[in-house]
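Scroll down for the structure; my scribbles are underneath it.
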Amino acid sequence: MSLASTGSELADRITREELLIGGATALFLAAVAGAVAGGLLESAFVVSSLAFAPVILLLALGLNVQWGYGGLVNFSVAGFFAVGAYSTAVLTNGSDPHGLALHPAVGLVAAMAVSAALALAIGLPTLRLRADYFAIATLGFAEIVRLIVLNEGWLTNGGLGVFGIPVLFEAGVLSGPAELLNTTPRNVGNVLIGFLAVAVVFLVLRRVQSSPWGRVLRTIRADEDVGQALGKNTYRFKLQAFVLGSVIMGVAGFYFAHYLRAITPGAFEPIQTFYVWVAVILGGSGSNRGAILGGFAVVLILRGTRLVNNPVGAIETLLNAPIDVLDRLLFSVAVDFRLSLGLDLNQDALRLLLIGLLVIAIVRLRPQGLLPPQREHIWPAALGGGGDAPEEDRE
Amino acid sequence: MSTASYGYDGGDLEKPDQVLTVENLRKEFGALIATEDVSLAAERGSITGLIGPNGAGKSTLFKLISGFYEPDAGSVTLNGTDITGWSPDRIARRGMTRTFQTPRRIEGMTVRENMLVGPQNQAGESILSTMFRPGRVTRDERANLERAADLLELFELDHLADEPATDLSGGQFKLLELARAMMVEPDVLLLDEPVAGVNPALAEDLATYIERLNRERELTIFIIEHDIDFIMELADPIVVLDQGRVLTEGSPETVRTDDRVMEAYLGGGGES
Ligand SMILES: Nc1ncnc2c1ncn2[C@@H]1O[C@H](COP(=O)(O)OP(=O)(O)OP(=O)(O)O)[C@@H](O)[C@H]1O
Ligand SMILES: [Mg+2]
């Protein structure tokens, strides 16, 4: 075919950015492995961080469908996250207030269905209106979810939270690796299940994004009028993107509930929405790979800060290092002052500080994100020329 | 007002085989009446020129016809169907699409991707089909890629197929917009200032393409254009709009010699 892309060679496909980021990632992984081997970092901490990572990755992938593909501003990431988590928690827990103890598969279906239904309920009346009304509606929804979770104790057990949520995967085969990594089989099982979910969602999204559906959403994001002039029912496409993204957030909530086995309203504060936005923008809006990369960066900050016990002290030591050197050079004659930040910074504050710095850095240095979308929104099998796509040709 | 000194003829509604009929269309923006009692019709396969001074209401009329604005009164009929109040996308699917006065570039898309947004009823526009009927999606996409390649060749844009559309020059982008609109396979095409800001050579090309599309595909075309020579060369009839109303309609020669037209232009909106 005359239009078929000729850039099928691997070398053509890998950009300088990808090389840089790939290299940095490899270095980082090597450093983590080294730290674990050298006894600086506990392997159990690494595994439990990895078990947590799918939560943020899934949320970021979901928001990317809404904001990255279609330009929809959803301020209710935490809301859909909570909806997914509570849907499964209420149905599958074995304790108060319900004790239904249904199978997690039921919880998964419920998490997805309830998220989808609520996304429809918000999107149907507001996606026809101007974009800002929709954004405001999502803000309102997040607040409603928070209030319901807190106040409807018969359903959600209120501020006490829901306990006794079953573990997803905990089999005998996991005890070997768990012992090796100095962690629990449950943690290992969570890593496996969590990343399986991420992989499935990623593959599905990659497929729909490179399809004509993804192309229409890209058009809507750039200029909705153009989409309409070209005969696209933009309202329907936006609604679909909003529902799809919200369902993925619901799945994130599902995984989170079973990963923690106990959930309380405090886990779904609006700040979570903010973290996920940072992940998507950092990675590169519209790029699935970017959402994964940005998600990992946010996880790194959220989890990494736990390792720093006295952040202010650490920063002060760092700032004072040159003075120390100077001091030593001058044989302790001239310099006898040290910087003191006079701050009381706990881990939470440090976390926010780092995220804030990260946001400033992205906006200033790389507004398009680390891995902005590169692939054309063209169905790959159609570019493959004659008949060399047997898998795609099956109906 | 000076306009009172000459009468408004209105458009000619007595044409055979009307593909588009506009009757008594009206649009107000607050106190401003942007479109007032506009009636006109287009014969299938014709090229109609729409001229008039700045602010005469040409673009507003296009938006009313194509569904981007809802009229306060009047009706629009396309191929015998009353499409008044329809959404733009529904109207496009019925066979009428438009281009925009100011270039609307889709950021982050190549020329080829832009073209592929045009075709209607693509299997791959359904998420379910991308999951469960990939073969159909592939077939559709192949056909559309081929059609896009043909059109890009026709418009001599094929060498730019892989370029980001944002890198195109103003003139090239106007060409792309026209080509992209053709991917919709419309019966009626509304072009809002297709050669504004385009260099003369490319404008010449555009005229040739427009004529060719009109001839070969029985395409009915409406063109808004300030370049009088361009429009007189290309279109017949010419409709003159002034202060939201149809001043007159006629062949290029009659319009050219009509004193009222000159007066409308010189009057700069007739406020003097
Ligand atoms: N959305 C709107 N709200 C308020 N006034 C509007 C709007 N759209 C157009 N107008 C006004 O309606 C009048 C007609 O505008 P329109 O854009 O249709 O003119 P035009 O004939 O296309 O002019 P030009 O040749 O400059 O493109 C102008 O006075 C304009 O200011
Ligand atoms: Mg105009």
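The values are calculated or read from the model by the stated rules, or taken from the named source; none is laboratory data. It should be emphasised that the depicted structure is a prediction, and the values quoted were computed from it without experimental measurement. Note that we place each Cβ from the backbone using ideal geometry, even for glycine, and neighbour counts take in every protein chain shown. Remember, those area values only see protein heavy atoms, side chains included, never the ligands or the DNA or RNA. Shrake-Rupley method; radii C 1.70, N 1.55, O 1.52, S 1.80 Å.
Chain A: longest stretch without exposed trypsin sites (Lys or Arg not before Pro) (DSSP loop, at most 10 other Cβ within 10 Å), sites themselves excluded? So the longest stretch without any such site is A:131-393.
Mind running the shape call on segment A:20-104? Use the C-alpha gyration tensor, a ≥ b ≥ c as the square roots of the eigenvalues: rounded below 1.5 for a/c, prolate if a/b tops b/c, oblate otherwise. Taking the square roots of the gyration eigenvalues as a ≥ b ≥ c, segment A:20-104 is oblate. Assuming charge only on the beta carbon of Lys and Arg (+1) and of Asp and Glu (-1), the dipole of chain B about its Cα centre is about 1040 debye to the nearest 20.
Counting Cβ atoms of other protein chains within 10 Å of each Cβ in B:143-153 and taking the mean gives 3. For chain B, the pair-distance distribution built from all alpha carbon pairs, in bins 5 Å wide starting at 0, is 1, 6, 12, 16, 18, 16, 13, 9, 5, 3, 1, 1, 0, 0 percent. Given the protein chains as shown and a 1.4 Å probe, how many square angstrom of B:Asp37 are accessible, to the nearest 10? Accessible area, nearest 10 Å²: 90 Å². Per residue, the accessible area of the protein assembly as shown comes to 45 Å², computed with a 1.4 Å probe over protein heavy atoms only. With contacts taken as Cα pairs under 8 Å and at least 6 residues apart, segment A:47-271 reaches a relative contact order of 41 percent. Close amide H partners of B:Thr35, meaning residues 5 or more places away or on another chain with modelled amide H under 5 Å apart, are B:Lys27. Counting only protein heavy atoms and a probe of 1.4 Å, the accessible surface of segment B:77-132 is 48% carbon and sulfur.
For the protein assembly as shown, what is the calculated [θ] at 222 nm in deg cm²/dmol (nearest 500), taking -39500 (n - 2.57) for each run of four or more DSSP H residues and dividing by its residue count? So the calculated ellipticity at 222 nm is -17000 deg cm²/dmol. For B:Leu241, the residues 5 or more places off, or on other chains, whose built amide H falls under 5 Å of its own are B:Ile51, B:Gly52, B:Leu247. Restricting the GluC sites (Glu not before Pro) of segment B:29-120 to loop positions (DSSP other than H, G, I, E, B) with no more than 16 neighbouring Cβ atoms within 10 Å leaves B:Glu107. Considering only beta bridges that DSSP places wholly inside chain B, some 60 percent are antiparallel.
With the full set of protein chains in place, find how many percent of the accessible area of chain A is carbon and sulfur; take the probe as 1.4 Å. Using a 1.4 Å probe with all protein chains present, chain A comes out at 66 percent carbon and sulfur. DSSP assigns beta bridges within the protein assembly as shown; of those with both partners inside it, close to 60 percent run antiparallel. Note on chain A: with a GNM built from Cα contacts shorter than 10 Å, the maximum mean-square fluctuation among A:Ile165, A:Ile323, A:Ile271 falls on A:Ile323.
Taken over the protein assembly as shown, the alpha-carbon convex hull comes to 232 cubic angstrom per residue. Could you pull the accessible area for A:Asp348 with a 1.4 Å probe, rounded to 10 Å²? Here the residue's solvent-accessible area equals roughly 90 Å².
Of A:Phe242, A:Phe274, the residue with the largest accessible area leads and the full order is A:Phe274, A:Phe242 (1.4 Å probe).
Relative contact order of segment B:107-184, taken over Cα pairs closer than 8 Å and 6 or more residues apart, is 50 percent. Couplings 3J(HN,Hα) for segment B:205-213, derived from phi with the Karplus relation 6.51 cos²θ - 1.76 cosθ + 1.60 (θ = phi - 60°), are 4, 4, 4, 4, 4, 4, 4, 5, 4 Hz, where x marks Gly and Pro. Counting, for every residue in B:113-122, the Cβ atoms of other protein chains within 10 Å of its Cβ and taking the mean gives 5. Projecting the Cα atoms of B:Leu175, B:Leu128, B:Gly118 onto the charge dipole of segment B:107-184, computed from C-beta unit charges around the Cα centre, puts B:Leu128 farthest toward the positive end.
Mean per-residue shielding of peptide B:130-138 is 6, counting Cβ atoms of other chains within 10 Å of each Cβ. Within the full protein context, the accessible area of B:His159 is estimated at about 130 Å² for a probe radius of 1.4 Å.
Taken about its Cα centre, chain A carries a charge dipole of roughly 560 debye when the Cβ of each Lys and Arg holds +1 and the Cβ of each Asp and Glu holds -1. Here the protein assembly as shown is assigned +1 on the Cβ of each Lys and Arg and -1 on the Cβ of each Asp and Glu. Its dipole about the Cα centre then comes out at about 2980 debye.
Of the residues B:Met96, A:Met112, ranked by 1.4 Å probe accessible area with the largest first, the sequence reads A:Met112, B:Met96.
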